[in-house]
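The values are calculated or read from the model by the stated rules, or taken from the named source; none is laboratory data. Just so it is clear, the model here is predicted, and its values are computed rather than measured. Note that we place each Cβ from the backbone using ideal geometry, even for glycine, and neighbour counts take in every protein chain shown. The accessibility values were calculated without ligands, DNA or RNA, using every heavy atom of the protein model including side chains. Shrake-Rupley method; radii C 1.70, N 1.55, O 1.52, S 1.80 Å.
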Amino acid sequence: MSKYINSDQSLSQRFIRYAKIDTQSDPNSPTCPSTLKQKDLGALLVKELLEMGISDAEMDNNGYIYGTIPSNTEKKIPVIFFCSHMDTSPDCSGAAVKPIIHDNYQGEDLILPDDHNIVLKLSDHRDLKQQIGNDIITASGTTLLGADNKAGLAEIMEAANFLVKNPDVKHGTIKILFTPDEEIGRGVDQVDLKKLGADFGYTIDGETLGSIEDETFSADGATLIINGVSTHPGFAKGKMESAIKILADVIAALPKDTLTPEATHQKEGFIHPVSFTGQVEQAEAHFIIRDFTDEKLVEHGQFLEQTVKQVMARYPNSTFDLKIKAQYRNMKQILDQHPQIVQFGIEAIERAGVVAKPQSIRGGTDGSRLSFMGLPCPNIFAGEHAFHSKQEWVSVQDMEKAVQTIINIACIWEEKGEL
């Protein structure tokens, strides 16, 4: 089997090319994609796919990109896809990103030039300890980098180019899917499964070298509306019940040492208020509820409701409306029914000379929802770190290993996955 070698720095330059394009998504926009600028990157990706010989590459009206690498084997094997998202997080500026390559990193503090207060230290980033001698890419200090998930985009594109240019490397039909709006939870809202035409796939959107994630949070969202009693503040004694203060009381009544993101880790879930608006008469808050089991997720929702009722008992003339809506579920429920998908992913990582690290993710991916849409889809490392922040970084060498892993997955399914 031919081995991918990034001999001309094409991978790092490809990533930098993508990172410079502003693709932040917008949770307040009703359109798909939520920001038209995501299509700027989409147009470039389609152009590059066509140039490398993927003749059916296209971007649809919603900003989804599809392409096919045809099978070059006589074996009948499942159609697999590789997926990454084009948007970057709205949590940190993504405009005018200036990527910087720090060659041959030796453990020193990386002081970013456009804001010397932004410093990457070994003590703050444990995975930097594994990067001695590698080449680290950061932004310049005023923006995020966009490795989440442009590292994944670059890796899939690089692997696709390798497979097209090396027909001696045998594989089945491979589909490419690039999505918009993953960072705001809409990554697969408008995906065309018929056009994709795959049996299962792999998202390339993980963090640490060697990680393969077959388990995510299960997730609900909650909206709480408090209807208070408004009156003139000069004559409010014994009458006013401020919805703002009631809602503040609800949030203050939630646990501070448990069941909250800043006090939980590993398999612990939480209830997290993410927005708060309102006036005296009516106030509204949105919460995200997370855990690894559906049963605990239900318990957390019930706990939130009980907390609200306890607070509301002190305000007899006010009312509330609490709605809890399912967002996504733990993809392990689906992937456990298809163990070969994860097993081949682990083997592909190991063939790249990397220790595979099966693990859970305290979050979700496009693969979470795709799994429940009939396309089982674990998550493979892309090498992105400190995402959604100005300290975001990625290692060129980790990205190379991700490219090798993608190629290995395609080869292993050709070798072992015949129907």
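Before moving on, here are some points about what is shown:
- Whole-number accessible area per residue in Å² for the range 218-282, which is evaluated in the context of all protein chains at 1.4 Å: 57
- Once the 1.4 Å probe is applied to the protein heavy atoms, the range 324-399 comes out at 39 Å² accessible per residue.
- Cross-linked pairs LYS39/LYS98; LYS150/LYS357; LYS37/LYS195; LYS98/LYS332; LYS37/LYS170: Cα-Cα separations exceed 27 Å for LYS98/LYS332; LYS37/LYS170.
- Convex hull of the chain built on C-alpha atoms - directionally averaged projected area, nm²: 22.1
- Length-normalised contact order for the range 264-419 - Cα pairs under 8 Å, 6+ apart - percent: 17
- Principal-axis tilt of helix 243-253 within the chain, Cα atoms, nearest 10 degrees: 60
- Accessible area of the chain belonging to carbon and sulfur atoms, whole % at 1.4 Å probe: 50
- Shape analysis of the range 291-408 based on the Cα gyration tensor places the equivalent ellipsoid semi-axes at 40, 19, 11 Å, largest first.
- Packing here is the average count of other Cβ atoms within 10 Å per residue, and on that basis the peptides 92-101, 201-210, highest first, run 201-210, 92-101.
- 5 angstrom amide H check on PHE381, placed H, neighbours 5+ away: GLY206, GLY210, SER211
- Calculated on alpha-carbon atoms, Rg and Dmax of the range 223-304 in Å: 15.5, 51
- Given in Å, the Rg to one decimal and the Dmax to the nearest whole number for the Cα atoms of the range 1-96 are 16.0, 48.
- Computed [θ] at 222 nm, helices only, for the chain once each DSSP H run of length n ≥ 4 contributes -39500 (n - 2.57): -9000 deg cm²/dmol
- Whichever lysines have a C-alpha closer than 19 Å to that of LYS323, once near sequence neighbours (fewer than 8 apart) are set aside: LYS296, LYS309
- Size-normalised alpha-carbon gyration radius of the range 30-170, reference 2.2 N^0.38 Å: 1.29
- Residue among SER218, SER318, SER89 with the largest mean-square fluctuation in a Gaussian network model of the chain, springs linking Cα atoms under 10 Å: SER318
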